[in-house]
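Colleague: Handing you a structure now.
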């Protein structure tokens, strides 16, 4: 008979938050793979869909990652013909990224997928619980990204996007 082994930090809020984030990331990853995408790419497509064309720097700012991280993600999405890069007429050094028609279709599919996951995530929470959770998660993110804190969300997101590998067929 298997022994019921528990992690020593299982009662820690940080541990529970990490487990919830992993479960969410796994669910998103599974659903994105059905679209031929992997976790992290949807963030770029969703941002461009809601904001329109952005410079690489603007996109990095919205995603809270460094420009080289965005550059890698955009290169992969460009290879999939979901985004295109264009030099800005006023300053050819500035590259703007925009969705292609295929990218817009994917963004619509992602929105549907994201809504399905959100419904699962909140299945037994009323609107008051949802508001309270949003407020607490924002506070946690703020606390962890305060200046001088070595473990920032920026570093976490960069690590997440950088660790993404191409989906296997």
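Colleague: So residue 117 clears everything in (1) more than 19 Å from residue 45 (Cβ to Cβ); (2) part of a helix (DSSP H, G or I) except one condition, right? Which one?
Modeller: Exception for residue 117: condition (1).
Colleague: Can you name the residue in the range 81-103 that is over 15 Å from residue 59 (Cβ atoms) and modelled with pLDDT of 95 or more and is also surrounded by the fewest Cβ atoms within 10 Å (Cβ to Cβ) among such residues? Before the answer, list the steps.
Modeller: As a first pass, look at the range 81-103 and keep what is over 15 Å from residue 59 (Cβ atoms): 81, 87, 89-93, 100-102.
Subset that is modelled with pLDDT of 95 or more: 81, 100-102.
Working: 81: 11, 100: 15, 101: 9, 102: 12.
Per the stated criteria, the residue is 101.
Colleague: Could you check the range 44-53 and list, in sequence order, the residues that are in contact (Cβ under 8 Å) with a residue 60 or more places away in the chain and either crowded, with 20+ Cβ neighbours inside 10 Å or part of a loop (DSSP other than H, G, I, E, B) (or both)?
Modeller: 45, the sole residue that qualifies.
Colleague: Another question, then. As an exercise: evaluate residue 16 against (1) part of a helix (DSSP H, G or I); (2) closer than 27 Å to residue 109 by Cα and give the number of the one condition it does not meet.
Modeller: Residue 16 satisfies every listed condition except (2).
Colleague: Then there's this: Given the criteria under 14 Å from residue 112 (Cα atoms) and out of contact with any strand residue (DSSP E or B) (no Cβ under 6 Å at 6 or more places or on another chain), does residue 72 qualify?
Modeller: Details: under 14 Å from residue 112 (Cα atoms): no; out of contact with any strand residue (DSSP E or B) (no Cβ under 6 Å at 6 or more places or on another chain): yes.
For residue 72, the condition - under 14 Å from residue 112 (Cα atoms) and out of contact with any strand residue (DSSP E or B) (no Cβ under 6 Å at 6 or more places or on another chain) - is not met.
Colleague: I've got another one for you. Select from the range 109-134 the residues that are touching a residue at least 24 places away in the same chain (Cβ under 8 Å) and within 17 Å of the chain's Cα centre (by Cα) and write down the one among them that is surrounded by the fewest Cβ atoms within 10 Å (Cβ to Cβ). Full working, then the answer.
Modeller: Taking the range 109-134 and keeping what is touching a residue at least 24 places away in the same chain (Cβ under 8 Å), we get 109-111, 113-114, 116-117, 120-121.
Checking the rest, the ones that are also within 17 Å of the chain's Cα centre (by Cα) come to 109-111, 113-114, 116-117, 121.
On the way: 109: 17, 110: 21, 111: 15, 113: 20, 114: 15, 116: 12, 117: 15, 121: 14.
Once the filter is applied, the top-ranked residue is 116.
Colleague: Now for a separate question. For residue 8, state whether it is farther than 29 Å from residue 144 by Cα and either out of contact with any strand residue (DSSP E or B) (no Cβ under 8 Å at 6 or more places or on another chain) or surrounded by 15 or more Cβ atoms within 10 Å (Cβ to Cβ) (or both).
Modeller: Details: farther than 29 Å from residue 144 by Cα: no; either out of contact with any strand residue (DSSP E or B) (no Cβ under 8 Å at 6 or more places or on another chain) or surrounded by 15 or more Cβ atoms within 10 Å (Cβ to Cβ) (or both): yes.
For residue 8, the condition - farther than 29 Å from residue 144 by Cα and either out of contact with any strand residue (DSSP E or B) (no Cβ under 8 Å at 6 or more places or on another chain) or surrounded by 15 or more Cβ atoms within 10 Å (Cβ to Cβ) (or both) - is not met.
Colleague: So which residues in the range 19-43 are part of a helix (DSSP H, G or I) and surrounded by fewer than 11 Cβ atoms within 10 Å (Cβ to Cβ), if there are any at all? Explain how you work it out, then say what you get.
Modeller: Residues of the range 19-43 part of a helix (DSSP H, G or I): 19-33, 41-43.
Listed by number, the list holds a single entry, 22.
Colleague: Which of the residues that make up the range 54-89 are in contact (Cβ under 8 Å) with a residue 24 or more places away in the chain, assigned to a loop (DSSP other than H, G, I, E, B) and touching a helix residue (DSSP H, G or I) at 6+ places or on another chain (Cβ under 7 Å)?
Modeller: Result: 64, 65, 66, 82.
The values are calculated or read from the model by the stated rules, or taken from the named source; none is laboratory data. On a predicted model such as this, the values are computed, not experimentally measured, just so you know. Glycine gets a Cβ as well: all are built from the backbone with ideal geometry, and neighbour counts include every protein chain shown.
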